[in-house]
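K.L.:
Quick one: structure below, then a few questions.
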Amino acid sequence: MDYMSYRWFYTTSNKLVVGGKNKEQNELVIKNFLKPDYVVAHTSAPGSPFMIIQSSNPSKQDINEAAVFCACFSKEWKRVSKNNKIAVDIFKGSQIYKTKTMKIGTFGVKGNKKTLNVKPELALLIQKGKLSVVPKISKIENTFIEIKPGKLSKEQTVEEIYRVIKDKSIKISKEEIMQVIPSDCLNVKAI
């Protein structure tokens with residue numbers, strides 16, 4: 001499967017994390033990228049992608065990064081105030097189940113989950129030759145913009161990011177920016 005058509009990033013330790021952009025992609029991510037021993041992140045509240053770390057042995061840092069990434073693409077992103085955190089559940093792929101009565105993109109989780117409360121902050125950079133966002137807590141060089149919850153619309157954010165990127169002579173289109181950033185309620189800062 002081509003992971004680049006989903007939400008994705010590489011952790012500080014170079015582990016791929018893949019999640020859905022919508023309910024249909026959540027189904028496909030679970031079907032095509034999940035193994036029973038992989039670690040999964042999903043917000044405690046409904047309305048987030050299932051972020052799957054493509055590793056049987058992710059580090060604590062990998063898990064924290066996946067949790068932040070999940071939080072940033074959740075419905076909670078729009079609700080969180082400046083210094084609040086978002087609750088993200090962490091569990092194994094073997095704990096996920098689906099019944100026939102569940103809606104598309106919805107899954108259940110059996111057994112115990114660990115919950116992390118994370119600060120939703122991203123950084124924009126180039127990974128694997130593509131524009132990408134990573135959790136700001138990642139120790140990845142060459143990040144050039146911070147993205148946090150705020151008051152800008154997605155369109156205003158794209159314009160602001162495009163202006164900064166243009167000043168740095170990076171050749172990225174507005175459409176590429178639109179594809180990788182979260183929904184409305186943004187705030188950006190050049191690094």
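K.L.:
So what's the net charge close to L34: Lys and Arg +1, Asp and Glu -1, counting the other residues with Cβ under 14 Å from its Cβ? Let's see the in-between values first.
P.N.:
On the way: positive: K31, K35, K92, K98; negative: E27, D37.
With Lys, Arg at +1 and Asp, Glu at -1, the net is +2.
K.L.:
In whole percent, how big is the carbon plus sulfur part of the accessible area of region 77-191, probe 1.4 Å, protein atoms only?
P.N.:
So the carbon and sulfur contribution to the accessible surface is 48 percent.
K.L.:
From the backbone phi of region 117-126, what are the Karplus-calculated ³J(HN,Hα) couplings (6.51 cos²θ - 1.76 cosθ + 1.60, θ = phi - 60°) in whole Hz, Gly and Pro given as x?
P.N.:
For region 117-126, the Karplus curve yields 9, 10, 8, x, 9, 10, 10, 9, 6, 9 Hz.
K.L.:
For each pair in K128/K151; K78/K189; K31/K139, compute the distance between the two Cα atoms and list the pairs where it is over 28 Å.
P.N.:
On the way: K128/K151 30 Å; K78/K189 18 Å; K31/K139 30 Å.
Exceeds cut-off: K128/K151; K31/K139.
K.L.:
Just to confirm the number: angle between the C-alpha axis of helix 23-33 and the first principal axis of the chain, 0 to 90 degrees, nearest 10?
P.N.:
Approximately 70 degrees, to the nearest 10.
K.L.:
So which aspartates and glutamates pass the test for K100, namely a Cα distance under 19 Å, with those fewer than 8 places away in the same chain ruled out?
P.N.:
E24, E27
K.L.:
Helix 60-72 versus the longest principal axis of the chain: what angle, 0 to 90°, nearest 10, using Cα atoms?
P.N.:
Tilt relative to the chain: about 70 degrees.
K.L.:
Over the chain, average the accessible area per residue using a 1.4 Å probe and give it in Å², no decimals.
P.N.:
Numbers: 9840 Å² over 191 residues.
With all protein chains present, the chain gives 52 Å² per residue.
K.L.:
Of the labelled options (1) 49, 31, 28; (2) 61, 51, 24; (3) 41, 40, 32, which one gives Cα extents along the principal axes in Å as computed for this structure?
P.N.:
After the calculation, the listed value that fits is (1).
K.L.:
Let me ask you something else. Lys/Arg Cβ at +1, Asp/Glu Cβ at -1, dipole of the chain taken about the Cα centre: which of Q127, L152, C72 is farthest positive-ward?
P.N.:
Farthest along the dipole direction, towards plus: C72.
K.L.:
Take the cross-link list K136/K168; K23/K174; K114/K154 and give me the ones stretching past 22 Å between alpha-carbons. Before the final figure, lay out the partial values.
P.N.:
Details: K136/K168 20 Å; K23/K174 25 Å; K114/K154 32 Å.
Over 22 Å Cα-Cα: K23/K174; K114/K154.
K.L.:
For I104 and K21 in one chain, what is 0.36 nm times their gap in residues minus the Cα-Cα distance, to one decimal in nm?
P.N.:
On the way: separation 83, 0.36 × 83 = 29.88 nm, distance 1.30 nm.
Using 0.36 nm per residue and subtracting the Cα-Cα distance, I get 28.6 nm.
K.L.:
Per-residue HN-Hα couplings for region 41-48, Karplus 6.51 cos²θ - 1.76 cosθ + 1.60 at θ = phi - 60°, whole Hz, x for Gly and Pro?
P.N.:
10, 7, 4, 4, 7, x, x, 8
K.L.:
Output the 0 to 90 degree angle, nearest 10, between the alpha-carbon long axis of helix 154-167 and the longest principal axis computed from the alpha carbons of the chain.
P.N.:
It works out to around 50 degrees.
The values are calculated or read from the model by the stated rules, or taken from the named source; none is laboratory data. Note that the structure is a prediction, hence the values are computed from the model and not measured. In this analysis, Cβ positions are derived from the backbone assuming ideal geometry, glycine residues included, and neighbour counts consider all displayed protein chains. Note: areas computed on protein heavy atoms with side chains; ligands, DNA, RNA excluded. Shrake-Rupley method; radii C 1.70, N 1.55, O 1.52, S 1.80 Å.
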